[in-house]
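The values are calculated or read from the model by the stated rules, or taken from the named source; none is laboratory data. Because the structure is a prediction, the values reported are computed rather than measured. We place every Cβ from the backbone using ideal geometry, glycine too, and count neighbours over all the protein chains shown. Ligands, DNA and RNA are excluded from the accessible area calculation, which covers all protein heavy atoms including side chains. Shrake-Rupley method; radii C 1.70, N 1.55, O 1.52, S 1.80 Å.
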Amino acid sequence: MLSNQIIQASIDELRSITRIDLCVTDLQGVVAASTMDAAEIPPGLIAEFARSAADSQTVGGYYLFKVMEAEEAAYVVLSRGREDAYMTGRIAVSQIRQLMIAYKAKLDKDNFLQNLILDNLLLVDIYNRARKLHIPAEGRRAVLLIETDSDEDADIMEMLKGLFLTYNGDYLTAVEERNIILIKSLGEEEGYQELRRVAEMIVDMVNAEAMVNVKVSFGTIVSELKDVSKSFKEAKLALNVGRIFYEETNVIAYHSLGIGRLIYQLPENLCRIFIREIFGRDEIPEEIDEEILNTIQKFFQNNLNISETSRQLFVHRNTLVYRIEKVQKITGLDMRNFEDALTFNIALMVLSYLKHLEL
């Protein structure tokens, strides 16, 4: 059913044009929207009319009309005023009926897209329903998954609708709380660079206008509608991998997950064996404290450059070398050696993955 706010906005507009008061109720006479004092309407008038076989009726200066949906009454419209009150009532009925048709079409499209994304449709149903809903079966598309840290999904959805309109071939829907799905249509010359631009634009806009932090991931580009579910699964995996290994990153692409993708797909027991090989136990030794870990991470970010790392950390070069040698003494890995540094970095990522599994 339509929201009362939509009906109220519709009859308010008619009232401002025609100066005719209107009231819309359900079949029991419960008011959904009104521009008049509903208490003035004779008790039982609307319910009695709803039970009758008539589509319209005039009683005591009131014009009553039924709004039909699939040959059944859904609402009753009541108008009151001059002779043109009858015509205004008929216009209100037509307008509400069109709103109901549009709302039903939107629900049908949302339902189709949600089932498509979740891979709940047979191949023949995909093409049949897509044709009825005027959704092209072929075309370059990718799924962007927008995860919010707020409960205001509806507000963010409305904000995004202003950017991504359906007549451009883009579709917005949702299948989980705090997750919004954008099926983005792409031109022949557009690729992953365009998807990243769109993702970054969403992050910046939502952060600036709604003051909400979001992460956006996207899957690979597909050329057929039936493969949209594949792109969605990839975007979801990218979001999970990003949450574990790239916590500071707001835009995560499935096609560039790197080592994180490999670790995410490893069996837990294999990960634990690897950690024991590096640290001799199931966790980082206590001697490698947070300060040393931050130093090593900064050392990695600066491509194992001691001078640049010591400058950025505001520590003496010898202090940095001492911390690196301390790690070497505990683990046997020299962070100045590329292979050892890579091994240690992977070990840290594996530990992050194991902590995620324990949650």
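Listed here are the residues, each with its yes/no results for (1) open to solvent by less than 20 Å² (accessible area, probe 1.4 Å); (2) under 24 Å from the mean Cα position of the chain (by Cα); (3) under 30 Å from Leu195 (Cβ atoms).
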{"position": "Tyr254", "(1), (2), (3)": "no, yes, yes"}
{"position": "Glu268", "(1), (2), (3)": "no, no, no"}
{"position": "Arg276", "(1), (2), (3)": "no, no, no"}
{"position": "Glu286", "(1), (2), (3)": "no, no, no"}
{"position": "Ile296", "(1), (2), (3)": "yes, no, no"}
{"position": "Phe299", "(1), (2), (3)": "yes, no, no"}
{"position": "Asn302", "(1), (2), (3)": "no, no, yes"}
{"position": "Thr309", "(1), (2), (3)": "yes, no, no"}
{"position": "Arg317", "(1), (2), (3)": "no, no, no"}
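Of the numbered conditions (1) closer than 18 Å to Leu118 by Cβ; (2) assigned to a strand (DSSP E or B); (3) touching a residue at least 40 places away in the same chain (Cβ under 8 Å); (4) among the hydrophobic types (A, V, I, L, M, F, W, C), Ile180 fails exactly one; give the number of that condition.
Failed condition: (3).
List pairs: first in the range 185-200 and closer than 14 Å to Gly219 by Cα, second basic (Lys, Arg) and part of a loop (DSSP other than H, G, I, E, B), Cβ under 9 Å, 6+ apart or cross-chain?
The qualifying pairs do not exist here.
If a residue has to be in a helix (DSSP H, G or I), open to solvent by 60 Å² or more (accessible area, probe 1.4 Å) and small (Gly, Ala, Ser) to count, how many in the range 200-249 make the cut? It would help to see each step written out before you state the result.
In the first step, residues of the range 200-249 are kept if they are in a helix (DSSP H, G or I); the result is 200-209, 225-245.
Filter once more, so that each one left must be open to solvent by 60 Å² or more (accessible area, probe 1.4 Å): 200-201, 204, 207-209, 226, 230, 233, 236, 243.
Of the ones still in play, those that are also small (Gly, Ala, Ser) are 208.
Final tally of qualifying residues: 1.
I need every pair where a residue in the range 60-82 that is without any contact (Cβ under 8 Å) to a residue 40 or more places away in the chain and farther than 13 Å from Asp21 by Cβ has its Cβ under 9 Å from the Cβ of a residue that is buried (at least 20 other Cβ atoms within 10 Å of the Cβ) and polar (S, T, N, Q), sequence separation at least 6 or different chains.
If the second residue must be buried (at least 20 other Cβ atoms within 10 Å of the Cβ) and polar (S, T, N, Q), the pairs left are Leu64/Ser79; Phe65/Ser79.
How many residues, within the range 1-60, are touching a helix residue (DSSP H, G or I) at 6+ places or on another chain (Cβ under 6 Å), under 20 Å from Glu72 (Cβ atoms) and in a loop (DSSP other than H, G, I, E, B)?
Residues meeting the conditions: 4.
Taking the options Ala74, Ala92, Ala102, name whichever one is at pLDDT below 90 and among the aliphatic types (A, V, I, L, M).
Values: Ala74 fails: at pLDDT below 90; Ala92 fails: at pLDDT below 90.
The conditions single out Ala102.
Scan the range 113-146 for residues that are surrounded by fewer than 20 Cβ atoms within 10 Å (Cβ to Cβ) and part of a strand (DSSP E or B) and jot them down.
Once the filter is applied, which keeps residues that are surrounded by fewer than 20 Cβ atoms within 10 Å (Cβ to Cβ) and part of a strand (DSSP E or B), the range 113-146 yields Glu138, Gly139, Arg140.
I'm trying to understand the selection: among the residues of the range 83-125, which are without any contact (Cβ under 8 Å) to a residue 40 or more places away in the chain and of a type in the set (A, V, I, L, M, F, W, C)?
Filtering the range 83-125 for residues without any contact (Cβ under 8 Å) to a residue 40 or more places away in the chain gives 83, 86-87, 90, 93-94, 97-98, 101-102, 104-108, 111-112, 115, 120-122, 124-125.
Answer for the range 83-125, where residues must be without any contact (Cβ under 8 Å) to a residue 40 or more places away in the chain and of a type in the set (A, V, I, L, M, F, W, C): Met87, Val93, Ile101, Ala102, Ala105, Leu107, Phe112, Leu121, Leu122, Val124.
Working only within the range 29-52, note down all residues that are over 19 Å from Arg97 (Cα atoms) and loosely packed, with under 14 Cβ neighbours inside 10 Å.
Within the range 29-52, Asp37, Ala39, Glu40, Pro42, Pro43, Gly44, Arg51, Ser52 meet the criteria.
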